[in-house]
Amino acid sequence: MEKNPEKMEKIVSLAKRRGFVFQGSEIYGGFVGTYDYGPYGVELANNIRAQWWKTMVQEERNIVGLDSAIFTHPKVWEASGHVSGFSDPLVECKECNTRSRADHLIEDAGAFADEKMSIEEINTVFDGLREKIVCPKCGQKKFGEVKRFNLLVQSNLGNFSGDWTKEPTYLRGETCQGIYINFKNVLDSSRVKVPFGIAQIGKAFRNEIAPRQYIFRLRELTQMEMQMFVKPEDEMVVYEAWRKKRWQYYLDLGFKEENLKWHEHENLVFYAKAAWDIEYNFPFGFKELEGVHARGNYDLTQHQTFSGKDLSYLDPVTNERYVPHVVETSVGLDRTFLAVMTEFYDEDELGGETRTVLRFPKALAPIKVAVFPLLKNKPELVAKAEEVYTMLAKVMRAEFDDNGNIGKRYRRQDEIGTPACVTIDFETLGQDAPELTDTVTVRDRDTGAQTRVLISELVNYLMQA
Ligand code: GAP
């Protein structure tokens, strides 16, 4: 596992400096486990969402979308097993009271553990490593016993009793529960038939014990999840098909295959038939990016029992009745964001100068084109550039920049990954060479090559290039 802390620092610093990602509540000293997306970050995040939605909903004939509420009836989380079992192993340092994830400390000490091991198993492994494991804060080796810590975030929504902790409502711990509880609504209101899928993008909340690695592990995160409802006997065939599709998705985004890896879960929850993660080569090593899970009919059966509502499906052809099984694909938007920043971050030399460049595919680039008047103090150039900018901004995210010399403006756009820069110069105005009237130069981010294009053909050129 190759780690590259220097690259991580560069990405974090670029993301802050250029307005991609800010620490949450920064002016108050920060708020652990939260980050805010800045002007370019929100564009990138929106493009990641749009790309996922296009692949998972638009291009899939039998998948429909959903946007369910963040708050649900508290019974949802009892039925799902989160109230009793959604927990991570926590261990506290007796010296400085820092709380850490026991499985992470074990991993850092070079042994294997995961959050799904029983508390007895984790304690046994932890006890065997007590001489090696040090507190990440104070460096001491004085830990208490490993305990389970529930990750559901509680709230007082709708509870005015003054002691709401006895009957809390929960912020959703995963978006897919909103999908299961709407299974029947979607079935009854649209023309879907099993096999069909429901996709959703939305916030989820987890009381992570030790949020770390920047936007990799957050307390407030966004998930992009799809649940495919299938005939029980088809579950594993559909599962394998989705494993292939999700792998291909990253290759289609432009990820190098060597930066992706499959990881099979050693400890499956009792109802799951299979669970594999797609891991990405983050600057801190290969870590989970996405999970693809065969969940059986556990979720629908649980909601059926707890709600008392029939969630079975009647096959219109065979007249068979069954509770569909679920194949799930689940990925964090924030983790995808970090993977995209890592994958497309580059430094090279162009025209004798070193530069930082984000080689985003066009679909993901926050700004698709930047428009420059060659000189700021020539009103004719500025007016023409504004005209071109207004035309382009109607069809794509564009930016106008007249500040500093052209070289500096190129560097600024390279750093945020803008694929093309358009310059309006004296030729555009027909002053130097009449045959070039109403043409502009388009400079390519990756090669630095410049092409002269007619303004009337610019939109088409930029869409294709
Ligand atoms: N519905 C299944 C589910 O939620 P999960 O493995 O807990 O499964 C799925 O989460 C994905 O959500 C992960 O692969 C990861 O991309 C993202 N994710 C989970 N916890 C996260 C956190 N604390 N911060 C950021 N992303 C997270």
Worksheet item: of a type outside the set (A, V, I, L, M, F, W, C) and either under 30 Å from Gly197 (Cα atoms) or open to solvent by 40 Å² or more (accessible area, probe 1.4 Å) (or both): does that describe Ser80?
Response: yes
Discussion item. Between Phe255, Phe229, which is surrounded by 16 or more Cβ atoms within 10 Å (Cβ to Cβ), within 16 Å of the ligand (Cβ to nearest atom) and assigned to a loop (DSSP other than H, G, I, E, B)?
Written reply: Phe255
Item to complete: Could you list all residues from the stretch 346-357 that are in contact with a strand residue (DSSP E or B) (Cβ under 6 Å, 6 or more places away or on another chain) and either assigned to a loop (DSSP other than H, G, I, E, B) or open to solvent by less than 40 Å² (accessible area, probe 1.4 Å) (or both)?
Response: Thr356, Val357
Worksheet item: Exactly one of (1) of a type outside the set (A, V, I, L, M, F, W, C); (2) buried (at least 20 other Cβ atoms within 10 Å of the Cβ); (3) away from the ligand (no atom under 16 Å from the Cβ) is unmet by Glu145. Its number?
Response: (2)
Discussion item. Please go through the stretch 163-179 and give me each residue that is in a helix (DSSP H, G or I) and farther than 15 Å from Asp67 by Cα, ordered by number.
Written reply: Trp164, Thr165, Lys166
Worksheet item: Across the stretch 159-179, what is the total count of residues that are more than 15 Å from the ligand (Cβ to nearest atom), of a type outside the set (D, E, K, R) and touching a residue at least 60 places away in the same chain (Cβ under 8 Å)?
Response: 2
Fill in: Top-ranked residue of the stretch 258-278 - restricted to ones that are in contact with a helix residue (DSSP H, G or I) (Cβ under 9 Å, 6 or more places away or on another chain) and closer than 22 Å to Leu364 by Cα, ranked as nearest to the ligand (Cβ to nearest atom)
Ile278
Worksheet item: Among Arg191, Arg246, Arg206, which is the only one that is open to solvent by less than 20 Å² (accessible area, probe 1.4 Å), out of contact with any Pro (no Cβ under 8 Å at 6 or more places or on another chain) and either over 16 Å from Trp52 (Cβ atoms) or within 16 Å of the ligand (Cβ to nearest atom) (or both)?
Response: Arg246
Worksheet item: Looking at (1) within 16 Å of the ligand (Cβ to nearest atom); (2) β-branched (Val, Ile, Thr); (3) surrounded by fewer than 18 Cβ atoms within 10 Å (Cβ to Cβ), which is the one condition that is false for Ile201?
Response: (3)
Worksheet item: What about Arg217, is it open to solvent by less than 40 Å² (accessible area, probe 1.4 Å), of a type outside the set (Ser, Thr, Tyr), in contact (Cβ under 8 Å) with a residue 24 or more places away in the chain and more than 26 Å from Pro89 (Cα to Cα)?
Response: no
Worksheet, complete the sentence: Given the conditions (1) within 10 Å of the ligand (Cβ to nearest atom); (2) of a type outside the set (A, V, I, L, M); (3) surrounded by 20 or more Cβ atoms within 10 Å (Cβ to Cβ), every one holds for Asn281 apart from (1)
Item to complete: Could you grab me the full set of residues in the stretch 319-343 that are more than 16 Å from the ligand (Cβ to nearest atom) and open to solvent by 20 Å² or more (accessible area, probe 1.4 Å)?
Response: Asn319, Glu320, Arg321, Tyr322, Val323
Discussion item. Restricting to the stretch 316-329, give me the number of residues that are closer than 17 Å to Val237 by Cβ and of a type in the set (D, E, K, R).
Written reply: 1
Item to complete: Sort through Ser87, Ser80 and tell me the only one that's touching a His at 6+ places or on another chain (Cβ under 9 Å) and closer than 29 Å to Asn267 by Cβ.
Response: Ser80
Worksheet, complete the sentence: Flagged pairs (Cβ under 7 angstrom, 6 or more apart or on separate chains; first in the stretch 234-251, free of Cβ contacts under 8 Å to residues at least 24 places away in the same chain and part of a helix (DSSP H, G or I); second open to solvent by 50 Å² or more (accessible area, probe 1.4 Å) and of a type in the set (D, E, K, R)) are Leu251/Glu257
Worksheet entry | Selection from the stretch 8-48 of residues that are farther than 15 Å from Ile215 by Cα, open to solvent by less than 60 Å² (accessible area, probe 1.4 Å) and more than 17 Å from the chain's Cα centre (by Cα) | Arg18
Fill in: Within the stretch 180-208, tally of residues that are within 14 Å of Phe229 (Cβ to Cβ), among the charged types (D, E, K, R) and either part of a strand (DSSP E or B) or touching a residue at least 12 places away in the same chain (Cβ under 8 Å) (or both)
2
Worksheet entry | Residue in the stretch 303-316 that is touching a Phe, Trp or Tyr at 6+ places or on another chain (Cβ under 6 Å) and closer than 26 Å to Met117 by Cα present | yes
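For (1) at pLDDT 95 or above; (2) not β-branched (Val, Ile, Thr), each residue gets a yes or a no:
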site: Lys368; (1), (2): yes, yes
site: Leu381; (1), (2): yes, yes
site: Ala385; (1), (2): yes, yes
site: Thr390; (1), (2): yes, no
site: Lys394; (1), (2): yes, yes
site: Glu399; (1), (2): yes, yes
site: Gly404; (1), (2): no, yes
site: Arg412; (1), (2): yes, yes
site: Glu415; (1), (2): yes, yes
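The values are calculated or read from the model by the stated rules, or taken from the named source; none is laboratory data. These numbers were taken from a predicted model, which means no experiment stands behind them. For neighbour counting, all protein chains shown are included, and Cβ atoms are generated from backbone atoms with ideal geometry for every residue, glycine included. The protein model used for the area step is the full one, side chains on, heavy atoms only, and it has no ligands, DNA or RNA in it. Shrake-Rupley method; radii C 1.70, N 1.55, O 1.52, S 1.80 Å.
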